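Each remark here refers to the structure printed beneath this line.
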Amino acid sequence: MVPRAEFGSYYGRPVIKSPVWAAPDIAGYLFLGGLAGASSVLAAGAQATGRQGLAKVAKSGALAAGCLSLAGLVHDLGRPSRLINMLRTFKVTSPMSVGSWLLAAYVPAAAASCASAVTGRLPRIGAAATAGSAVLGPVVATYTAALICDTAVPAWHDGYREMPFLFAGSAATAAGGLGLLAAPFAESAPARNLAVLGACGELTAARLMERRLGLVAEPYQRGPGGGFMKAGQLLAAAGLAGSLASARSRLAGRLAGAAFLAASAVTRWGIFHAGLASAADPKYTVVPQRERVEARKPRPA
């Protein structure tokens, strides 16, 4: 019997440098950005259909999530001046540069939209700000997928095809969950529909990504990342089950909303920890490289 191969590196160091990002800051940044962007889209739809209570909740959630997302980013950077320095240039090839400018434009628009909804003043400016934040919302919700995929971390980089769809679904799940949890019961139907659509998209994209990645999908199935991902799937399933009764029961709607919101957050934590685990283990870098080299070799005639 040939012993199973052990993958290592010089001095026991990982083949690639693991990200130095901290879990509360950047994992929260990934979740809150999605919640903010999708909430702005939900707010615009609610306002256009006359659901003012749902619009106010979504706008408030978008502003709070956007500000907390910025706070997490600044805390991870160490000093606010570093975020300001990132705005000195604009590089379309850098997801971090594009994201910094997106947040710099999005948060003021979300703030103006929320302020107008809460105070009832300057409705025209509020409507323009609502439209502006809704236009930027989908990009704010998904650009973090490009941010993590544009790295050498195997579990993130190799999932570049499905990751934007996973993030979009997760963002919709969170925004819909917040609407179900906090909006007036009579106006919660759009939030419920958005959460159900997002949860289905999130679960489908995650499944397709894990199936395609093969070996590199292990961190999404084992360890801390796998634990968070499984918890997210169970919470999403609970939210879907609760949504069946949410049209008739206010309590069921609140519980389903909480489950959807938690499912989105836990899934982002799972993606974050899976990436760290894949960067720390050399086999997730070495084995796919060897497979790609073998695949490019000419086959004998």
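Points worth noting:
- Of all residues making up the range 140-182, the number that are farther than 15 Å from Ala65 by Cα and part of a helix (DSSP H, G or I): 19
- Residue satisfying condition, being under 10 Å from Leu63 (Cβ atoms) and either within 18 Å of the chain's Cα centre (by Cα) or modelled with pLDDT under 90 (or both), within set Val135, Val107, Val139: Val107
- Residues that are outside any helix (DSSP H, G or I) and crowded, with 18+ Cβ neighbours inside 10 Å within the range 183-238 comprise Ala183, Ser188, listed in sequence order.
Condition check ((1) basic (Lys, Arg); (2) assigned to a helix (DSSP H, G or I); (3) modelled with pLDDT of 80 or more) across all residues:
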| site | (1), (2), (3) |
| --- | --- |
| Gly253 | no, yes, yes |
| Ala258 | no, yes, yes |
| Ser264 | no, yes, yes |
| Arg268 | yes, yes, yes |
| Arg290 | yes, yes, no |
| Val293 | no, yes, no |
| Arg299 | yes, no, no |
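- Test: residue in the range 57-67 that is among the β-branched types (Val, Ile, Thr), assigned to a helix (DSSP H, G or I), more than 16 Å from Gly177 (Cα to Cα) and modelled with pLDDT of 80 or more: no
- Considering Ala105, Ala112, the condition of being surrounded by 12 or more Cβ atoms within 10 Å (Cβ to Cβ) and over 28 Å from Ala23 (Cβ atoms) is satisfied by Ala112 alone.
- Of the criteria (1) loosely packed, with under 15 Cβ neighbours inside 10 Å; (2) under 22 Å from Ile16 (Cβ atoms); (3) not basic (Lys, Arg), which one Leu87 fails: (2)
The values are calculated or read from the model by the stated rules, or taken from the named source; none is laboratory data. As the structure is a prediction and not an experimental result, all values here were calculated from the model. No Cβ is skipped: glycine too gets one built from the backbone with ideal geometry, and neighbour counts run over all protein chains shown.
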